[in-house]
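Below: the structure, in C-alpha cells.
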Amino acid sequence: MMQAFTRNYEDNSTDAGFQFTFYCDHCRDGFKSSFIESSTYKKGRSIRGIGEGGGMLGRLAGGALGNMSWESERAGDIISQNFQGQSPAWQKEHQEAFEAAQNEARQHFHRCNSCSSYVCDSCYNEDEGLCVGCAPRQEVYVAKARADAMKRNIDNAGQDATVWQGAIESKTTVCPVCGKPAGSGKFCNNCGASMELKVCPQCGAKNAQTVRFCNNCGANLAEAAAPPSGKCPACGSDNPPGTKFCGNCGGKLG
C-alpha cells in the first residue's frame with residue numbers, strides 16, 4: 001500500500017511512466033516530480049486490465065485536491081483500484097517511483113509543528129517553525145493590518161466627504177414648451193425657449209419653469225409672469241407686449 005508523506009497529492013502516472021504532483025496544504029501551489037519512464041512499457045510487455053479507456057491512468061489518487069479529510073489508508077485503496085490488473089513488475093516500478101517522488105518533493109515542503117500541515121517555502125514561517133496560517137510573518141501581518149486600516153479610514157472619510165456642491169434644481173431639464181430634453185444651457189436645445197428659473201415676485205424664490213405656484217410662498221407664478229399688455233394709458237396706442245415706453249407718445253408703460 002502506497003502512503004504519502006502528505007495526503008494532498010495527485011498521481012499523474014500512465015502506462016508509459018510515473019509522475020506525481022504534491023500540493024501545499026495552505027496555498028495549493030504544487031510541485032511535480034520528475035518523470036520516470038516505465039521499463040516494462042519500454043520493453044513492450046503487456047499491461048493487463050487498465051480499465052475502460054486504456055492508455056491514460058492519470059486519475060486523482062491519494063485524496064481529492066481540496067478534500068483534506070481523506071486518510072492516507074483510503075488514498076492507498078484508491079491507488080490500488082486505479083492500477084488493478086497491472087503486472088507485478090509495473091506495480092513494483094510504480095511503488096519505487098512513488099517513493100523517489102516523495103524524496104524529491106520533501107525538499108520543497110515543511111511540516112507545521114502546530115497543525116501538521118505540509119506547506120511550501122512561501123507558506124512556512126521559518127523563524128517560528130510553523131506555517132503562516134498558525135504563525136503569520138510579522139512584517140506581512142503588519143502590512144496587511146495597515147492596509148486594512150487604510151481602507152477603513154478611506155471608507156469612513158468618504159461617507160462624510162462633500163464631493164459636489166450646487167442647487168439641485170439649477171436648470172429645467174425638460175423644456176415646458178416643446179417637452180423635449182433642453183440641455184444645460186439657458187435656452188432649449190430644440191426650440192430655443194428660455195430655461196431660466198422663474199423668480200417669484202412675492203418672495204424672490206426661484207422655481208422651475210413648469211411649476212404654476214411658488215414652492216416657497218404659494219404665489220401664482222402664471223399671473224406674475226404675464227407681460228404688460230402694451231396699451232399706453234396716456235394715448236391709448238397699442239404697443240408690443242413687454243415694451244417699456246409708448247412708441248406713439250413716449251409715455252411709460254406698465
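The values are calculated or read from the model by the stated rules, or taken from the named source; none is laboratory data. Nothing here was measured: the structure is a model prediction, and the numbers come from that model. Here the Cβ positions follow ideal geometry from the backbone for every residue, glycine too, while neighbour counts run over all protein chains shown. In case anyone asks, the SASA skips ligands and DNA or RNA and just uses the protein heavy atoms, side chains included. Shrake-Rupley method; radii C 1.70, N 1.55, O 1.52, S 1.80 Å.
Figures for the structure shown
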quantity: For V119: the one exception among (1) modelled with pLDDT of 85 or more; (2) closer than 21 Å to D15 by Cβ; (3) touching a His at 6+ places or on another chain (Cβ under 7 Å); calculated: (2)
quantity: Pair list, Cβ < 6 Å and 6+ apart or interchain, from segment 202-218 residues that are hydrophobic (A, V, I, L, M, F, W, C) to residues that are open to solvent by 100 Å² or more (accessible area, probe 1.4 Å); calculated: C203/N216; A205/N216; A208/E169; C217/Q202
quantity: Residue match in segment 72-86 (condition: at pLDDT 80 or above and on the phi < 0 side of the Ramachandran plot); calculated: no
quantity: Matching entry among E196, E139, E99, E128 (being in a helix (DSSP H, G or I), among the acidic types (D, E) and over 29 Å from the mean Cα position of the chain (by Cα)); calculated: E99
quantity: Odd one out for A61 among (1) at pLDDT below 50; (2) touching a Gly at 6+ places or on another chain (Cβ under 7 Å); (3) buried (at least 17 other Cβ atoms within 10 Å of the Cβ); calculated: (2)
quantity: In segment 148-164, the residues that are surrounded by 10 or more Cβ atoms within 10 Å (Cβ to Cβ) and either among the hydrophobic types (A, V, I, L, M, F, W, C) or touching a Gly at 6+ places or on another chain (Cβ under 7 Å) (or both); calculated: A149, M150, I154
quantity: Restricting segment 7-45 to residues that are of a type in the set (S, T, Y) and over 15 Å from E93 (Cβ atoms), the residue that is modelled with the lowest pLDDT; calculated: Y9
quantity: Those residues of segment 120-147 which are surrounded by fewer than 14 Cβ atoms within 10 Å (Cβ to Cβ), out of contact with any strand residue (DSSP E or B) (no Cβ under 9 Å at 6 or more places or on another chain) and acidic (D, E), in sequence order; calculated: D127, E139
quantity: Matching residues in segment 90-119 - criterion: being over 29 Å from H26 (Cβ atoms), open to solvent by less than 40 Å² (accessible area, probe 1.4 Å) and of a type outside the set (D, E); calculated: W90
